[in-house]
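The values are calculated or read from the model by the stated rules, or taken from the named source; none is laboratory data. Keep in mind that this is a model prediction, so the values were computed, not measured. Glycine gets a Cβ as well: all are built from the backbone with ideal geometry, and neighbour counts include every protein chain shown. In case anyone asks, the SASA skips ligands and DNA or RNA and just uses the protein heavy atoms, side chains included. Shrake-Rupley method; radii C 1.70, N 1.55, O 1.52, S 1.80 Å.
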Amino acid sequence: LIDIIHPGIDVYEDFISEEDKQNVKQIIKENSPVITTLARVEERKGHKYVINAIAEIKNKFPNLLYLIAGKGPYLDEIISYTKKMNVAENVKFLGWITEPEKSLILKNSDLFVMTPTTVGESVEGFGMAYIDAAFHSLPSIGTNSGGISDAIINGHTGLICDSGNQREITKNILSLLESNSLRRQLGENGRKLAQNQYSWDNKIKEYLNVAEI
């Protein structure tokens, strides 16, 4: 018998300073809607799929802002790609951010999107970033790559696309940006799930229950 216990998560809302709030306010400004990806910037994370989607839908959302937080070996390639696709004004690269800043960015975003593929032997794991987004009432769009389907309940806390399917990724991003009610409902469902199943208080109980067997 194998028991699988996914990691728990900490949320740093109690440690947010006024400086953090001002920093994030300067990042987002008056832009809306806001899409966020929190991930190491490497090829398999799928940043290009999000950029391609933005290039297609930006006429409907001229003030759309895509926040990319993280560093990695693919960063220069992604920066160049935003220029190639004429969306550089819609994308901000944040580099490494603090945990309080991360919480504020998620709270002030409309959608969390990370659409990984498998590159060589590099495969997406469980995907705690989606749970982090859910804790902040933020719906997610992911792919059926690796363990993502364990972190997103398709149609309940977010939407899962076929890995590498640009048309489906763009369609799902657009559908959630156009439907405030669906976006809010998925976000609320995600918040309840994250608090009930992924808070460390509940994870500790899971570990203790396994230890007693």
Open item on the list: For the range 66-179, give me the percentage of DSSP beta bridges that are antiparallel, rounded to the nearest 5 percent.
Closed with: 10 percent
- [ ] Note down the nm distance, to one decimal, between modelled labels 7 Å out along Cα→Cβ at E188 and at K171.
- [x] 2.7 nm
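Can you sort F112, F15 by solvent-accessible area, 1.4 Å probe, largest first?
On the way: F112 0, F15 140 Å².
My answer, sorted largest first, is F15, F112.
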- [ ] Tell me the label-point distance for the pair D162, E30, using the 7 Å Cα-to-Cβ offset, in nm and rounded to one decimal.
- [x] 4.2 nm
Task: nm² value of the averaged projected area, convex hull over the Cα atoms of the range 29-178 - done: 8.0 nm²
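Grab the Cα-Cα distance for E99 and D150, subtract it from 0.36 nm times how many residues apart they are, and report the gain in nm with one decimal.
Values: separation 51, 0.36 × 51 = 18.36 nm, distance 2.35 nm.
Fully extending the segment from E99 to D150 adds 16.0 nm.
When the dipole is taken about the Cα centre of the range 138-199, and only Lys, Arg (+1) and Asp, Glu (-1) are charged at their Cβ, what size is it in debye, to the nearest 20? Please report the intermediate quantities before stating the final value.
Working: 6 positive and 5 negative charges, 37 e Å.
It works out to roughly 180 debye.
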- [ ] Using only the alpha carbon atoms of the range 97-161, find the Kirkwood hydrodynamic radius as the inverse mean reciprocal pair distance, in angstroms to one decimal.
- [x] 12.1 Å
TODO: Figure the gain on full extension for K84 and K107 (residue separation times 0.36 nm, minus the Cα-Cα span) and round it to one decimal in nm.
DONE: 5.3 nm
- [ ] Between D76 and Q195, with labels modelled 7 Å along Cα→Cβ, what's the label distance in nm to one decimal, could you check?
- [x] 4.6 nm
Open item on the list: Ranking request for peptides 97-107, 171-181, 20-30: highest mean number of other beta-carbon atoms within 10 Å first, then the rest in descending order.
Closed with: 97-107, 171-181, 20-30
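Expressed in nm to one decimal, what extension gain is obtained for the pair N59 and S179 from 0.36 nm per residue of sequence separation less their Cα-Cα distance? Can you show the working numbers first?
On the way: separation 120, 0.36 × 120 = 43.20 nm, distance 1.69 nm.
Stretched fully, the N59-S179 segment lengthens by 41.5 nm.
By per-residue mean of other Cβ atoms within 10 Å, what is the highest-first order of 128-136, 80-88, 60-68? Display every interim value, and only then the final one.
Values: 128-136: 24.2, 80-88: 14.9, 60-68: 18.2.
Sorting 128-136, 80-88, 60-68 by mean packing, highest first, produces 128-136, 60-68, 80-88.
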TODO: First check a/c for the range 118-198, with a ≥ b ≥ c the square roots of the eigenvalues of its C-alpha gyration tensor; if it is under 1.5, answer rounded, and if not, answer prolate when a/b is larger than b/c or oblate otherwise.
DONE: oblate
Open item on the list: In the range 39-194, if the dipole is taken from +1 on Lys/Arg beta carbons and -1 on Asp/Glu beta carbons about the Cα centre, which of I79, S140, N90 is farthest to the positive end?
Closed with: N90
